[in-house]
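Please treat every number below as a calculation from the coordinates, not as lab data. Bear in mind that the values here come from a model prediction, so they are computed numbers and not experimental data. For neighbour counting, all protein chains shown are included, and Cβ atoms are generated from backbone atoms with ideal geometry for every residue, glycine included.
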Amino acid sequence: MAKQTSKEQLLKDIHIERRRLEKRLATLRKEEMILPGVTGTWSVKDILAHLSAWERLFLDWCSTGLNGLMPEISPVGMKRKTIDALNQQIFKQNQGRDLADVFTEFYASYQEVMTVIGSIPEEDMFTRSRFTWTGPLILADYIAGNTCNHYAWANAQIKKYVKKASEDLGKNMQID
């Protein structure tokens, strides 16, 4: 996916990637969504909780940052080690949640993100250094990173997992 240069393109990419992910999810049984191993020890459920948590972080960044303040967990210059630790914390916090609860949050956080994005003027999304909290990036980079790019990543992880599981099942069913 090419880097977005307009609000229209950004919204289009978000919708496309979200629909692709939802379409992939629709092919899975509930039992498949709670099995670990999709990416590391994460299940599909864990990935969905991860997406929602990052959308919530983005919403916090926006509500804080758009008011001229610096978010408590600042996205600016976040190192890989910090991101990995945050992802592990998100995983642990959501492990005990049931699938239905995770799905409810998955849809709710998306709707909230889309409402916020819809309210932000295009100029604010694509003007460098428009907000202190975005650092050297533009707001659209954070939007894409927490929506369409993240959905594409999740879809690719699930697709790879399903393919491998299918191949493994085929190997186990072969008669010698």
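For this structure, a couple of remarks:
- Put a plus charge on the Cβ of each Lys and Arg, a minus charge on the Cβ of each Asp and Glu, and nothing anywhere else: the dipole of the chain about its Cα centre is then about 480 debye.
- Most mobile of His150, His15, His50 in a GNM of the chain (Cα contacts under 10 Å): His15
- Highest to lowest packing among 140-147, 26-33, 83-90, 126-133, scored as the average C-beta count within 10 Å: 140-147, 126-133, 83-90, 26-33
- In the structure shown, the pairs Lys3/Lys159; Lys81/Lys159; Lys7/Lys163 are assessed against 32 Å; a Cα-Cα span above that value is assigned to Lys7/Lys163.
- Working ranking of peptides 70-80, 103-113 by packing, defined as the average number of other Cβ atoms within 10 Å per residue, highest first, is 103-113, 70-80.
- Extension gain for the segment Asp84 to Glu72, taken as residue separation times 0.36 nm less the Cα-Cα distance, is 2.6 nm to one decimal.
- Long-range amide H partners of Trp42 with built H, under 5 Å: Gly37
- By the compact-protein rule of thumb, 2.2 N^0.38 Å, the alpha-carbon radius of gyration of region 7-163 corresponds to a ratio of 1.04.
- FRET efficiency for the Asp60 to Arg29 pair, using the beta carbon distance and R₀ = 22 Å, is estimated at 0.05.
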